[in-house]
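Here is the structure we will look at, set down as structure tokens.
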């Protein structure tokens, strides 16, 4: 990525997020190409970065959308992603969300419990509709990732075990209002080892064969989830061709479309969060670099103790240990602790890399701080894709309700 962060800071102020759309294109095409030997649908996980321009950019290339709220479904539809490429997942869908998904006639609703399946059945009956569904199977495989982003073990809240899944498919087949067309498996995020993926896919593929032979339930979509990791530090990544080959081998002899739901893999390393130094301070032996960005803008370091490479731009002086922290009134407001950085001065720019996924989408307005600007860079040209929030934006839903 060759980005003039200083020029963008002068034009848009700090803090800001910038995304390299050319990189996003490359990542999407790489994964799509890996599955070229099989019918496939790459459904972008909107939760990773839900900016309308990002979603549209991927939709224009043929991507579908994996959504975990009706709001994300509406984002996908808003930017022109075809309804037959949209999947609605999530463990806790409200009745209203289920109704809307059915009315939108999206590809399928991904169901994660028996109770949810019965609600979908009831909502479909009320609407006199046929609900296309998939069932998320939890294969009880350890993904070997951070516990907060592990989703494939029985101790996690996601999906159902194999026996429960079989009961649900039988129920769906017998219902006049349900059409079981898919199966889903996603064991976690930031995966860097292929073996857990292989193990889980083989378990679920065997279930698909059993459903076909024993129950005459023929599924059309095998959703392998997402979760492919990216480089934050020195991770060794899964080769996309090897990843696809493992999946295709597991599905040998099954006539089914592969659905893949990448999020972080596509956008994570496209994004940089840029903030500026306000000042430095020293408490005893501890040095702090205080910047204008904060945990409300990028919460991953505070929430997950996540590592992001940090660089002070245009500084090559001798480095020393410091904590990079923001203005928010919390001790958890930090981007890094005990890292080596040059001595900084007021207005020096600091780049925090690998921030394209789960950065802005997890941002908040804590401490009445407006969300920052988002910028796209494509073919060497920058454009604003979300303006910086103002104080008036923050109070818009409260001001008219004030009592005199």
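Select from segment 285-333 the residues that are under 18 Å from residue 268 (Cα atoms) and either in a strand (DSSP E or B) or free of Cβ contacts under 8 Å to residues at least 24 places away in the same chain (or both) and list them in ascending order.
Scanning segment 285-333 gives 305, 310, 311.
State which residue is farthest from the chain's Cα centre (by Cα) when the search covers only segment 58-88 and only residues that are in contact (Cβ under 8 Å) with a residue 40 or more places away in the chain and outside any strand (DSSP E or B).
The extreme case among them is 85.
Which numbered condition trips up residue 91, out of (1) out of contact with any helix residue (DSSP H, G or I) (no Cβ under 6 Å at 6 or more places or on another chain); (2) surrounded by fewer than 21 Cβ atoms within 10 Å (Cβ to Cβ); (3) in contact (Cβ under 8 Å) with a residue 12 or more places away in the chain; (4) in a helix (DSSP H, G or I)?
(4)
Check segment 47-56 and report whether any residue there is assigned to a strand (DSSP E or B) and in contact (Cβ under 8 Å) with a residue 40 or more places away in the chain.
no
Does segment 107-114 contain any residue that is out of contact with any strand residue (DSSP E or B) (no Cβ under 8 Å at 6 or more places or on another chain) and either assigned by TED's automatic domain parsing to the domain that holds residue 223 or modelled with pLDDT under 90 (or both)?
Scanning segment 107-114, I find no residue that is out of contact with any strand residue (DSSP E or B) (no Cβ under 8 Å at 6 or more places or on another chain) and either assigned by TED's automatic domain parsing to the domain that holds residue 223 or modelled with pLDDT under 90 (or both), so the answer is no.
Right, residue 79: surrounded by fewer than 20 Cβ atoms within 10 Å (Cβ to Cβ), under 30 Å from residue 390 (Cβ atoms), in contact with a helix residue (DSSP H, G or I) (Cβ under 9 Å, 6 or more places away or on another chain) and modelled with pLDDT of 95 or more or not?
So residue 79 fits the description; yes.
Please work out if residue 58 is farther than 28 Å from residue 170 by Cβ and out of contact with any strand residue (DSSP E or B) (no Cβ under 6 Å at 6 or more places or on another chain).
Spelling it out, it is not the case that residue 58 is farther than 28 Å from residue 170 by Cβ and out of contact with any strand residue (DSSP E or B) (no Cβ under 6 Å at 6 or more places or on another chain).
Return the total of residues in segment 347-379 being farther than 18 Å from residue 16 by Cβ and in contact with a helix residue (DSSP H, G or I) (Cβ under 9 Å, 6 or more places away or on another chain).
Total satisfying the criteria: 2.
Residues in segment 39-48: is at least one within 15 Å of the chain's Cα centre (by Cα) and surrounded by fewer than 17 Cβ atoms within 10 Å (Cβ to Cβ)?
No: zero hits.
For segment 7-30, name all the residues that are surrounded by fewer than 23 Cβ atoms within 10 Å (Cβ to Cβ), touching a strand residue (DSSP E or B) at 6+ places or on another chain (Cβ under 8 Å) and under 26 Å from residue 78 (Cβ atoms).
Within segment 7-30, 12, 20, 21, 22, 28 meet the criteria.
Out of (1) in contact with a helix residue (DSSP H, G or I) (Cβ under 7 Å, 6 or more places away or on another chain); (2) under 24 Å from residue 302 (Cβ atoms); (3) modelled with pLDDT of 55 or more, the odd one out for residue 142 is which?
(2)
On the given criteria, is residue 274 at pLDDT 95 or above, closer than 27 Å to residue 25 by Cβ, crowded, with 19+ Cβ neighbours inside 10 Å and over 18 Å from the mean Cα position of the chain (by Cα)?
Yes.
Would you mind telling me which numbered condition in (1) crowded, with 21+ Cβ neighbours inside 10 Å; (2) over 14 Å from the mean Cα position of the chain (by Cα) residue 55 fails?
(2)
Report yes if residue 90 is at pLDDT below 95 and within 17 Å of residue 184 (Cα to Cα), otherwise no.
yes
Can we say residue 299 is within 22 Å of the chain's Cα centre (by Cα) and more than 22 Å from residue 23 (Cα to Cα)?
yes
Of these, 149, 187, 181, which one is buried (at least 23 other Cβ atoms within 10 Å of the Cβ) and either at negative phi or modelled with pLDDT of 95 or more (or both)?
Going through 149, 187, 181 in turn, the sole match is 187.
Can you report the number of residues in segment 343-381 which are in a helix (DSSP H, G or I) and within 21 Å of the chain's Cα centre (by Cα)?
3
The values are calculated or read from the model by the stated rules, or taken from the named source; none is laboratory data. Note that the structure is a prediction, hence the values are computed from the model and not measured. We place every Cβ from the backbone using ideal geometry, glycine too, and count neighbours over all the protein chains shown.
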